[in-house]
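Below is one structure, written out as structure tokens; comments come after it.
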Amino acid sequence: MKAIKLLSFLVFFSYIKCQTLQTSLLHAVMQNIKSQNYLKENLRDITSIMVAQFLQKSTYEEVQTIVTELLDTVEQCKSLKSPESPLECAHQLMTTFLEYICSNQGMVEKHMFTDCCTTNNTERLECFLSYKKDDMDYREIFQIPKPEQICEMDKENQMSMKAWYGYEISRRHPFLYGPTILTMSACYETAVQTCCQEENKTECLQIKLDPIRKYIKEISLRHHHLCDIGIKFNHNVAKAVELVLLTKKQPKANFSEIAKLTTDIKNLHKICCEGNAVACTLGRSQLMNYTCSKQVTLSSKTTQCCEQPEPFRGECIINLENDDKPNLSPLPLRRFTEDQSVCKQFTGKQDSFLEEFLYEYSRRHSELAVPVILRVDTIYRNLLGKCCTLENPWECYSRGNEMFQRVVRESRDRVKNHCGLHEKLGASNFHDRLIVLYTKKAPQLSVQELVVFTKKMADAATKCCPLREEQQFICVEDSAKLILGALCRRHEAEPINAGVGHCCDHSYAFRKPCFDDLQVDGAYLSPSLSCDQVINLKEDLCKAQEEELQIAKQKLLSSLVKQNPYATEMQFQSIIVDFLHLIGMCCHAEKSEKCLQEEGSKLMKKCQSLLED
């Protein structure tokens, strides 16, 4: 759906085209990147992306030096004439790169790769990947230099704008796919060239670079999430996600085409997630060539994307809105719950049979989010596993459709309740409620982590809940899978508790309902704190901005819940209201610190009563 999709690249590219680029500049950029051998033309930039994503602490100059040495070493990359050469080049570059790192003791020590270099090739790559740090959850994308600096850099041509921007993005987003970085770098370079000719460079750059930064931030989250699924769950789960996405996007395509593309995309994701930017770029280019050669059978909406040159074409197709849903007969779907031979098909070719069910269900339910469709798939898979062992399996699995409707209805009800609470409480109080709930579920997280995590959930509700019901449903589910995915990455790095671990590991499809249902972690014993350790009544609160004061309030709320998770919400809110009133009163007093200490004694007594309850 347009209103809730990740910044559609068609819309984005149209924006760049119409408002950022003059016609002559757009033509120049497209001619510059249009090449019979796209990989050969961009090999240096792609290799730079790979190096920067693994060696995140290296400077731009260091990365360029390494790239030069790598390309000079790898014979397969010196001539990309035969059909096999590009793939050979990609694999040889990665192998040579890892060997290059381990042969340089200074580099090993700087990036703390000692343990990786003592393992064999397969384990070595996995080890290097584990050291990649995606910090975008905790800080903004790097600040671009001032307009005058950017334009001076471009004017002096000391370095390629595209290469520099690609380096900066790569080291801060090590799981962002190489072809996407190439596309965004090309857009950045062209926007800068345009703005540096304008009188008001600052305003121009702000308008034209904000959509690029927003797209990078959001698509990087999604790429990292896809990589997590492939690592944490078996290949069937990752493949199921791709099949649903592809079928929703191209519901007119037949099953055999969707099945082939799903396998190709799953394999491509694996390559991209392993950090081989050259193989990733080559694979995507080949996949998009195939897609554009099958426009009639896949989707009529790809035409406008297929007319674009690389690298824009690939990003355009990936972010293309779903094709119009065809007028489909219910019969093909009914055969999965009404046909007498279901168990024979299920036991004979289980994977293929279940994939076809997922395909038929997805193309008829484009209004459902991916996790919801996967819940239906899980229910069906478990149902057949149980029914097909019975004497009369048909009586058992014929209830399938009723079960599908129930799981969708329950998912909808959860979203309705979530958004109903958001509307009733308002954004700020809704955030407070989330802090209370998730401090109870995961008290091992620091108060800072809890504030940041719940703010993402609150912001998602603010974005999604005002939408129409159908859009609201997809938006909430889609946002939750990414936010909870980030929480599960945090758990993977440093285990939180058994409940969180179960929700993260047990079922990808039911991850959100699992977290919704988590209760107080009864096994957690909070360090005993006094009220003056929990409540900060220092004079510096009077200098805090509104946002800083809100964070202080939320940290206090989380600390109180940790101390007594079984206290009532009224008890928590009473202390928070008194805290804010005290700050408001004393910060306007002549002697604010004295006021805080004297008047704060009542608040401390109320706090002590809560801690002793």
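Selection of first residues in the stretch 570-585 that are under 16 Å from Asp532 (Cβ atoms) and of second residues that are open to solvent by 60 Å² or more (accessible area, probe 1.4 Å) and assigned to a helix (DSSP H, G or I), restricted to Cβ pairs under 7 Å at least 6 apart or on distinct chains, gives the following pairs, ordered by first then second residue: Ile575/Lys606; Asp578/Lys606; Leu582/Glu599. The set of residues from the stretch 448-465 being out of contact with any Leu (no Cβ under 7 Å at 6 or more places or on another chain), touching a residue at least 24 places away in the same chain (Cβ under 8 Å) and open to solvent by less than 30 Å² (accessible area, probe 1.4 Å) comprises Leu450, Val451, Ala461, Cys464, Cys465. Among the residues of the stretch 466-485, those identified as open to solvent by 20 Å² or more (accessible area, probe 1.4 Å) and either in contact with a Phe, Trp or Tyr (Cβ under 8 Å, 6 or more places away or on another chain) or outside any helix (DSSP H, G or I) (or both) are Pro466, Leu467, Arg468, Ile483.
Restricting the first member to the stretch 273-292 and to residues that are of a type in the set (Val, Ile, Thr), and the second to residues that are surrounded by fewer than 18 Cβ atoms within 10 Å (Cβ to Cβ), the beta-carbon pairs closer than 9 Å and six or more apart or on different chains are Val278/His91; Thr291/Cys306. Among the residues examined, Thr281 qualifies as polar (S, T, N, Q) and open to solvent by less than 10 Å² (accessible area, probe 1.4 Å). Only residues that are of a type in the set (Asp, Glu), in a helix (DSSP H, G or I) and farther than 28 Å from Lys456 by Cα were counted across the stretch 176-230, and they come to 2.
Please note which helices (runs of 4 or more DSSP H) are completely contained in the stretch 364-438 and include at least 1 residues that are within 15 Å of Phe473 (Cβ to Cβ) and in contact with a helix residue (DSSP H, G or I) (Cβ under 7 Å, 6 or more places away or on another chain).
Numbers: elements: 370-387, 393-397, 400-425.
Helices (runs of 4 or more DSSP H) meeting the threshold: 370-387, 400-425.
When the residues of the stretch 526-548 are filtered to those that are open to solvent by less than 100 Å² (accessible area, probe 1.4 Å) and in a loop (DSSP other than H, G, I, E, B), the one that is farthest from Lys562 (Cα to Cα) is Ala544.
Determine if the stretch 337-353 includes at least one residue that is within 30 Å of Tyr177 (Cα to Cα), open to solvent by 10 Å² or more (accessible area, probe 1.4 Å) and modelled with pLDDT of 90 or more. Looking through the stretch 337-353, at least one residue is within 30 Å of Tyr177 (Cα to Cα), open to solvent by 10 Å² or more (accessible area, probe 1.4 Å) and modelled with pLDDT of 90 or more. Annotation: His502 fulfils all but one of (1) open to solvent by 40 Å² or more (accessible area, probe 1.4 Å); (2) more than 22 Å from Val241 (Cα to Cα); (3) in a helix (DSSP H, G or I); (4) modelled with pLDDT of 95 or more; the unmet one is (2).
If you scan the stretch 586-599, which residues turn out to be touching a helix residue (DSSP H, G or I) at 6+ places or on another chain (Cβ under 7 Å), without any contact (Cβ under 8 Å) to a residue 40 or more places away in the chain and in a helix (DSSP H, G or I)?
Kept after step one, since they are touching a helix residue (DSSP H, G or I) at 6+ places or on another chain (Cβ under 7 Å), are these residues of the stretch 586-599: 586-587, 589, 592-593, 595-596, 599.
Keeping just the survivors that are without any contact (Cβ under 8 Å) to a residue 40 or more places away in the chain gives 589, 595, 599.
If the condition is that a residue be touching a helix residue (DSSP H, G or I) at 6+ places or on another chain (Cβ under 7 Å), without any contact (Cβ under 8 Å) to a residue 40 or more places away in the chain and in a helix (DSSP H, G or I), then Cys595, Glu599 are the ones that fit.
Here is the figure for the stretch 111-129: residues that are open to solvent by 70 Å² or more (accessible area, probe 1.4 Å), touching a Ser or Thr at 6+ places or on another chain (Cβ under 9 Å) and either closer than 22 Å to Lys57 by Cα or in a loop (DSSP other than H, G, I, E, B) (or both) total 1.
Each row is one residue, and each column tells you yes or no for (1) assigned to a helix (DSSP H, G or I); (2) polar (S, T, N, Q).
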| site | (1), (2) |
| --- | --- |
| Leu560 | yes, no |
| Pro565 | no, no |
| Gln571 | yes, yes |
| Ser601 | yes, yes |
| Lys605 | yes, no |
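The values are calculated or read from the model by the stated rules, or taken from the named source; none is laboratory data. Quick caveat, the model's predicted, so the values are computed rather than measured. Methodologically, a virtual Cβ is constructed for each residue, glycine included, from the backbone with ideal geometry; neighbour enumeration extends over all protein chains shown. Quick note on the areas: whole protein, heavy atoms, side chains included, nothing else; ligands and nucleic acids left out. Shrake-Rupley method; radii C 1.70, N 1.55, O 1.52, S 1.80 Å.
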